[in-house]
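The values are calculated or read from the model by the stated rules, or taken from the named source; none is laboratory data. The structure displayed is predicted, hence computed values, not measured ones. Note: ideal-geometry Cβ built from the backbone for every residue, glycine included; neighbour counts use all protein chains shown. With ligands, DNA and RNA removed, areas are computed over all heavy atoms of the protein, side chains included. Shrake-Rupley method; radii C 1.70, N 1.55, O 1.52, S 1.80 Å.
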Amino acid sequence: IDYNVRPRPKRDLSAVEAVLREFPPESLPPSDRPYIGLARPYAAAGQPAQARRYLTVARESDGRLWNPPIRVVRASEGDVLEAEGNFQGALESFQEAARLPGANFCRDCVYFDVGRLFDRMNQPDSALAAYERAVNAKGLGSNKGRELAPTLRRLGELYEARGERERAKEYYSRFVALWRDADSDLQPAVQDVKARLAQLAAEPKP
């Protein structure tokens with residue numbers, strides 16, 4: 001969560017690598033080796049080859065997770081495919097993940113990823129629908145901490161671009177309320193959205 005939300009260079013995985021040096025996965029019991037979980041930050045950091053390697057090792061270590069696949073497996077494969085530039089393949093993986101069982105990875109969390117892929121593929125209507133489902137779902141778990149605030153902001157931007165000012169203000173306001181007491185390095189984003197809200201409020205109604 002810290003890695004994904006903080007405004008820092010996304011290739012900096014020094015904190016992850018420090019933990020891996022202290023606790024090498026190979027030194028842990030096989031069932032505790034976090035290979036699948038490691039794929040996501042490496043994919044997000046633009047290191048798809050390493051992310052793919054972790055998925056491969058995970059499958060070799062415990063192929064039962066792939067037969068049949070569980071939600072976290074397909075979601076992690078989506079992360080890696082996205083990092084590899086295969087947006088359509090990634091989208092299909094995330095959409096399949098939403099249909100699969102997997103109590104350790106909430107179903108509606110996947111729609112943050114579905115929305116992001118539609119966004120990157122320049123399909124704003126589909127992105128809006130997926131983002132709406134994600135941010136208004138209950139029980140989002142850890143994904144709520146990682147994805148909710150940036151997605152609220154993005155929803156505001158998308159609705160503003162469509163000229164739907166009231167919807168834009170709604171999501172911008174939710175973003176500001178969520179991060180009003182955020183750490184100092186996150187406050188520039190809050191101030192930017194506050195400025196957007198002020199501008200929308202000052203504009204005459206159509």
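Looking at (1) within 29 Å of residue 190 (Cα to Cα); (2) surrounded by 13 or more Cβ atoms within 10 Å (Cβ to Cβ); (3) at pLDDT below 95, which one does residue 12 not meet, given that it meets all the others?
(2)
For the subset of segment 157-178 comprising residues that are hydrophobic (A, V, I, L, M, F, W, C) and in contact (Cβ under 8 Å) with a residue 12 or more places away in the chain, which member is surrounded by the most Cβ atoms within 10 Å (Cβ to Cβ)? Explain how you work it out, then say what you get.
Taking segment 157-178 first, the residues hydrophobic (A, V, I, L, M, F, W, C) are 158, 161, 168, 175-178.
Then keep just the ones that are in contact (Cβ under 8 Å) with a residue 12 or more places away in the chain; that gives 158, 161, 168, 175-176, 178.
Numbers: 158: 20, 161: 10, 168: 21, 175: 26, 176: 21, 178: 15.
Going through the qualifying residues, I end up with 175.
Suppose the filter is farther than 23 Å from residue 87 by Cβ, open to solvent by 60 Å² or more (accessible area, probe 1.4 Å) and free of Cβ contacts under 8 Å to residues at least 24 places away in the same chain; does residue 181 pass it? Break it down stepwise before answering.
Numbers: farther than 23 Å from residue 87 by Cβ: yes; open to solvent by 60 Å² or more (accessible area, probe 1.4 Å): yes; free of Cβ contacts under 8 Å to residues at least 24 places away in the same chain: yes.
Yes.
Return the pair list, or none, for Cβ contacts closer than 8 Å from residues in segment 192-206 that are open to solvent by 60 Å² or more (accessible area, probe 1.4 Å) to residues that are hydrophobic (A, V, I, L, M, F, W, C), at least 6 apart or on different chains.
Short answer, once both residue conditions are applied: 194/176.
Quick grid of which residues meet (1) within 16 Å of the chain's Cα centre (by Cα); (2) not charged (D, E, K, R):
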residue	(1), (2)
28	no, yes
36	yes, yes
64	no, no
68	no, yes
71	yes, no
74	yes, no
90	yes, yes
97	yes, yes
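Taking the stated definitions as given, is residue 46 within 13 Å of the chain's Cα centre (by Cα), open to solvent by less than 60 Å² (accessible area, probe 1.4 Å) and without any contact (Cβ under 8 Å) to a residue 40 or more places away in the chain? Show your work before the answer.
On the way: within 13 Å of the chain's Cα centre (by Cα): no; open to solvent by less than 60 Å² (accessible area, probe 1.4 Å): yes; without any contact (Cβ under 8 Å) to a residue 40 or more places away in the chain: yes.
Criteria not met by residue 46.
Working only within segment 53-101, note down all residues that are farther than 21 Å from residue 133 by Cβ, open to solvent by 60 Å² or more (accessible area, probe 1.4 Å) and not polar (S, T, N, Q).
Within segment 53-101, 53, 59, 60, 64, 68, 84 qualify.
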